[in-house]
1. What residues qualify as long-range amide H neighbours of residue 184, i.e. H under 5 Å apart, gap of 5 or more or another chain, H built at 1.01 Å from N?
2. Can you list the trypsin sites (Lys or Arg not before Pro) in the stretch 236-298 that are in a DSSP coil and have 14 or fewer other beta carbons within 10 angstrom?
3. Sort 353-359, 87-93, 324-330 by the packing proxy (mean of other Cβ within 10 Å over each peptide's residues), most packed first.
4. For residue 141, what residues show an amide H to amide H distance below 5 Å, using hydrogens built from the backbone and excluding near sequence neighbours?
5. Pick out, in residue order, every one of the trypsin sites (Lys or Arg not before Pro) in the stretch 114-188 that is DSSP loop and has at most 16 other C-beta atoms within 10 Å; say none if there are none.
6. May I ask which of 198/371; 127/371; 174/304; 174/198; 90/148 have a Cα-Cα span longer than 21 Å here?
7. Excluding same-chain residues fewer than 8 positions from residue 158, which aspartates and glutamates have a Cα within less than 14 Å of its Cα?
8. In terms of the Cα gyration tensor, with a ≥ b ≥ c the square roots of its eigenvalues, is the stretch 175-369 rounded because a/c is under 1.5, prolate because a/b exceeds b/c, or oblate?
Amino acid sequence: MLLACAAALAGCSSAPKNAYFTSNEATPVQTQTQMPPEPEVVALPDTVVPVLGHDLIDTGSPVLTNVSPVLPARPPIQSRWGTGWVLLEKFAAESGIGAPQRTVVANASRYLIPTRNGPLLLTIGNKLARWNGVNVWLGFAPQVLRGKPYIHALDAEKTLQPLSEPFVIMAPNKTIVIDPGHGGVDSGTRGVRGEREKDFTLDWALRIEQLLTNAGWRVVLTRRNDVDVPIIERVAIADRARADLFISLHFNSAAPHAGPSGIETYYLTPVGEPSTLSRGYSDDPRVTFPNNTFDRANTQLAAKVHQELVRETHAMDDGIRHARFMGVLRTQNRPAVLIEGGYLSNPAEMSQISSSRYRQRLAEAVARALK
């Protein structure tokens with residue numbers, strides 16, 4: 001039997017048995033590594049030195065700090081850009097996008113790159129990037145090495161290049177599984193007046209189903225009423241349906257804190273990268289899950305969905321994020337994302353989410369992303 005949803009900062013939270021979420025843990029800032037001279041791409045060290053820090057922007061949420069664990073030695077993860085850091089100018093030139101333009105804002109060096117899909121803004125020493133008007137979390141903060149800006153090769157391949165290329169949402173069967181989070185004895189998180197996450201996610205899913213069906217999609221829901229569906233069955237439903245895409249719907253809570261608000265869109269962390277959040281689960285960058293086959297497609301799907309959600313709702317943009325603790329994503333054999341559609345613990349946002357008109361806007365944003 002699934003346990004009730006426990007409130008946690010920056011994410012809807014369920015008992016570990018559910019495998020959606022566990023306790024919250026902020027990803028610490030990585031230290032700048034000492035690089036050898038001359039090569040444009042250089043190898044990562046075998047360990048990461050622990051530091052104090054945070055990588056949350058000022059979204060009204062309390063700043064979290066933590067100590068980074070020392071990761072065990074591991075072989076470098078190969079990418080088309082090498083195994084370490086790549087010169088930003090080299091990435092832009094070989095990707096066929098505009099040359100980086102440096103600016104300084106509040107003593108922070110930023111690089112603006114025009115891409116086919118809109119401007120990309122990177123900040124030295126900050127994992128938070130800005131792409132075409134929305135926030136995107138990188139695995140590693142860009143660095144200045146030997147006086148020039150570098151990005152990590154894995155970020156280049158798994159995040160920045162997919163965001164810079166033409167978006168292609170592959171759906172040959174035009175079949176999608178929409179997963180209303182929680183259900184049955186698992187109510188999910190609770191609103192300020194006891195409202196249940198599971199009710200809002202189901203209503204949201206039914207609205208998406210109608211819109212996408214009208215647009216020619218075959219839509220399969222993991223539940224159509226208030227029932228408990230194990231994580232393994234939610235994945236099996238997608239397999240049986242031969243689904244092209246999978247989207248899981250959730251709402252957040254930071255109770256007892258009422259301040260945090262906003263929308264987050266998650267995909268599975270690419271191999272070799274640290275997660276944006278780990279929430280107490282082991283976050284071993286060496287582990288490969290079946291869904292990692294779709295890293296690039298996951299990035300594009302998450303970006304399309306998140307961009308439409310933020311544009312439609314004008315909600316706080318908590319960013320496109322990646323994590324490994326979401327069991328419903330890890331074994332998917334298709335592009336898959338999980339959406340946190342707002343905070344039930346925030347009175348103003350809760351008031352909006354409780355409105356059927358607002359949930360219709362959330363549904364329309366998801367449907368529009370898949371056109």
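Read-outs: derived from the displayed coordinates by stated rules, not from any lab. Keep in mind the model is a prediction, meaning the values are calculated, not measured. Here the Cβ positions follow ideal geometry from the backbone for every residue, glycine too, while neighbour counts run over all protein chains shown.
1. The list, which skips near neighbours in sequence, is 227, 228.
2. Answer in residue order: 242, 286.
3. Details: 353-359: 15.4, 87-93: 19.1, 324-330: 24.0.
Highest mean packing first, the order is 324-330, 87-93, 353-359.
4. It is 30, by chain and number.
5. Listed in order of number, the matching sites are 116, 146, 174.
6. Values: 198/371 27 Å; 127/371 30 Å; 174/304 17 Å; 174/198 26 Å; 90/148 11 Å.
Check vs 21 Å cut-off fails for 198/371; 127/371; 174/198.
7. Here the aspartates and glutamates satisfying the reach criterion relative to residue 158 are 273, 295.
8. On the way: a/c = 1.42, a/b = 1.16, b/c = 1.22.
Here the stretch 175-369 falls in the rounded category.
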